[in-house]
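Peer 1: One structure, as structure tokens, below. Some questions next.
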Amino acid sequence: MKVVIVLYTAGKHAEDESRLYGCTENALGIKEELEKAGHTVVVTADKEGSNSEFEKNLPDADIVITTPFHPAYLTKERLQKAKKLKLVVVAGVGSDHIDLDYINQNKLDISVLEVTGSNVVSVAEHVVMTILILVRNFVPAHEQIMAGEWDVAGIAKDSFDIENKTIATIGAGRIGYRVLERLVPFNPKELLYYDYQALPAEAEKKVGARRVTDLKELVAQADIVTINCPLHAGSKGLINKELLKHFKKGSWLVNTARGAICVAADVAEAVENGTLRGYGGDVWFPQPAPKDHPWRKFHNQYGAGNAMVPHYSGTVIDAQVRYANGTKAIVESFLSGKFDYRPQDIILLNGQYKTKAYGDDKKV
Ligand SMILES: *[C@@H]1O[C@H](CO)[C@@H](O)[C@H](O)[C@H]1NC(C)=O
Ligand SMILES: *[C@@H]1O[C@H](CO)[C@@H](O)[C@H](O)[C@H]1NC(C)=O
Ligand SMILES: *[C@@H]1O[C@H](CO)[C@@H](O)[C@H](O)[C@H]1NC(C)=O
């Protein structure tokens, strides 16, 4: 079999940290074993355009493995070239870089699996961190210190507590629920959530969250909004000019879900015109983000309000260990012909959706 693995290149960092599995140098720790078993393994970071290593190796690839951090986009055009493809493994969570509907509708015999749960705690922690960074105005405060300056008032006038704030999550699945759990000790005024289905009563009670079924009403009540839903046709461009009009003036928005859930230019404009006091997160579209992406530069009138970082919340070392391990298990299960996958990892099984949405994301 031919296995094509697409990951970011780490250079010297791969030597610094041997558990940095998600890079071309360490290849999720599975390259040697696969080669020993007689398989051909291609590991590359080169994934854009028809001359890329990825696309050149696609026509005879049986297995493609990639991460959401450096995603090998499997568009309709690429899937048409991938005549032998049987298995796509996402080392991490989120298969929105794959045209799942195309596979499904054309009855292609391709299975798509993720390592469900591998990132949930890592991303939830990043969400809470980003909320604090924005609300407390940390970034400009730190930049001031590094620049040799000292202007307490300049920072304090735009810095707040998260206590007594209304905080809303769009999506209350595995990650969104963990965010709510982690926010409880901060004594928010209220926790709200928006989801296509209600949390189990028990889970709702545990965090004291209230469901709001209208998105406009949700954002109109919230001081802080965090996005924790998958990207699909229904959530693409969800945060746009139209919805931003309904946000509370001076609220904060945090997105570690997927960049394309927001219309990039609209969010940047909303920070610049004061609708949002700040926006932060780690997800972009496309990835890597181009140098001129509007999210690299936006800020509010005080030069604050930008807490953007590259996509790493779900690829911290603890998560890498989990998704490398999970990827190994999926590939071994496929190669052994047992196909005894963990049910929660299956997105498409031989071209068929296992559940209506992207996996059983609503289990908390
Ligand atoms: C909570 O915030 C509101 C304004 O949103 C304020 O009127 C109220 O005094 C605050 N309560 C506490 C306990 O700080
Ligand atoms: C600020 O920009 C956002 C995003 O385009 C828009 O929804 C909002 O109406 C604008 N507000 C003002 C006061 O111009
Ligand atoms: C590694 O994967 C196996 C099989 O899915 C699982 O049973 C085990 O708990 C995983 N270990 C870690 C550290 O994630």
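The values are calculated or read from the model by the stated rules, or taken from the named source; none is laboratory data. Because the structure is a prediction, the values reported are computed rather than measured. Cβ atoms come from the backbone with ideal geometry, glycine included; neighbour counts cover every protein chain shown.
Peer 1: Answer with yes or no whether E33 is over 20 Å from F334 (Cα atoms) and surrounded by fewer than 17 Cβ atoms within 10 Å (Cβ to Cβ).
Peer 2: When the stated conditions are applied, E33 does not pass them.
Peer 1: Next up: I need the full set of residues from segment 95-128 which are touching an Asp or Glu at 6+ places or on another chain (Cβ under 7 Å) and either within 19 Å of V4 (Cα to Cα) or among the aliphatic types (A, V, I, L, M) (or both), in order please.
Peer 2: Across segment 95-128, the qualifying residues are S95, L113, E114, V115.
Peer 1: Further, regarding this structure: Show me the strands (runs of 3 or more DSSP E) entirely contained within segment 99-202 in which 2 or more residues are closer than 30 Å to V331 by Cα and not acidic (D, E).
Peer 2: In segment 99-202, 111-114 are the strands (runs of 3 or more DSSP E) which contain 2 or more residues that are closer than 30 Å to V331 by Cα and not acidic (D, E).
Peer 1: Which of the helices (runs of 4 or more DSSP H) found entirely inside segment 1-80 contain at least 3 residues meeting this: farther than 26 Å from D282 by Cα?
Peer 2: 31-36, 53-57
Peer 1: To continue, here is another question. Y193 is checked against (1) in contact with a Ser or Thr (Cβ under 6 Å, 6 or more places away or on another chain); (2) under 21 Å from L132 (Cβ atoms); (3) within 16 Å of ligand 2 (Cβ to nearest atom) and fails just one. What number does that condition carry?
Peer 2: Condition (3) is where Y193 drops out.
Peer 1: So, in segment 226-253, how many residues would count as being part of a loop (DSSP other than H, G, I, E, B) and either in contact with a Ser or Thr (Cβ under 9 Å, 6 or more places away or on another chain) or small (G, A, S) (or both)?
Peer 2: Looking only at that region, the number is 12.
Peer 1: For segment 284-301, does any single residue satisfy the condition of being outside any strand (DSSP E or B) and closer than 24 Å to L183 by Cα?
Peer 2: The answer is no, given that none of the residues of segment 284-301 is outside any strand (DSSP E or B) and closer than 24 Å to L183 by Cα.
Peer 1: While we're on this one: Working carefully through the options V4, V42, find the one that is farther than 19 Å from D101 by Cα, among the β-branched types (V, I, T) and more than 24 Å from the chain's Cα centre (by Cα).
Peer 2: Result: V42 is the single residue among V4, V42 that is farther than 19 Å from D101 by Cα, among the β-branched types (V, I, T) and more than 24 Å from the chain's Cα centre (by Cα).
Peer 1: Please go through segment 277-308 and pick out each residue that is of a type in the set (A, V, I, L, M, F, W, C), modelled with pLDDT of 95 or more and within 30 Å of D151 (Cβ to Cβ).
Peer 2: Answer for segment 277-308, where residues must be of a type in the set (A, V, I, L, M, F, W, C), modelled with pLDDT of 95 or more and within 30 Å of D151 (Cβ to Cβ): W295, F298, A307, M308.
Peer 1: Taking segment 286-311 as the search range and keeping residues that are of a type in the set (A, V, I, L, M, F, W, C) and within 18 Å of the chain's Cα centre (by Cα), which one is nearest to G154 (Cα to Cα)?
Peer 2: So the residue we want is A307.
Peer 1: Is there a residue being among the polar types (S, T, N, Q), touching a strand residue (DSSP E or B) at 6+ places or on another chain (Cβ under 8 Å) and either buried (at least 18 other Cβ atoms within 10 Å of the Cβ) or part of a loop (DSSP other than H, G, I, E, B) (or both) anywhere in segment 254-272?
Peer 2: yes
Peer 1: Could you list, in sequence order, the residues of segment 220-244 that are within 16 Å of ligand 1 (Cβ to nearest atom) and either farther than 19 Å from V128 by Cβ or without any contact (Cβ under 8 Å) to a residue 40 or more places away in the chain (or both)?
Peer 2: Within segment 220-244, A220, Q221 qualify.
Peer 1: Provide a single number: the residues in segment 315-358 that are surrounded by 16 or more Cβ atoms within 10 Å (Cβ to Cβ), more than 9 Å from ligand 3 (Cβ to nearest atom) and basic (K, R).
Peer 2: Matching residues across segment 315-358 total 1.
Peer 1: When segment 104-139 is examined, which residues are found to be surrounded by 19 or more Cβ atoms within 10 Å (Cβ to Cβ) and of a type outside the set (A, V, I, L, M, F, W, C)?
Peer 2: S111, E114, T116, S118, N119, S122, H126, T130, N137
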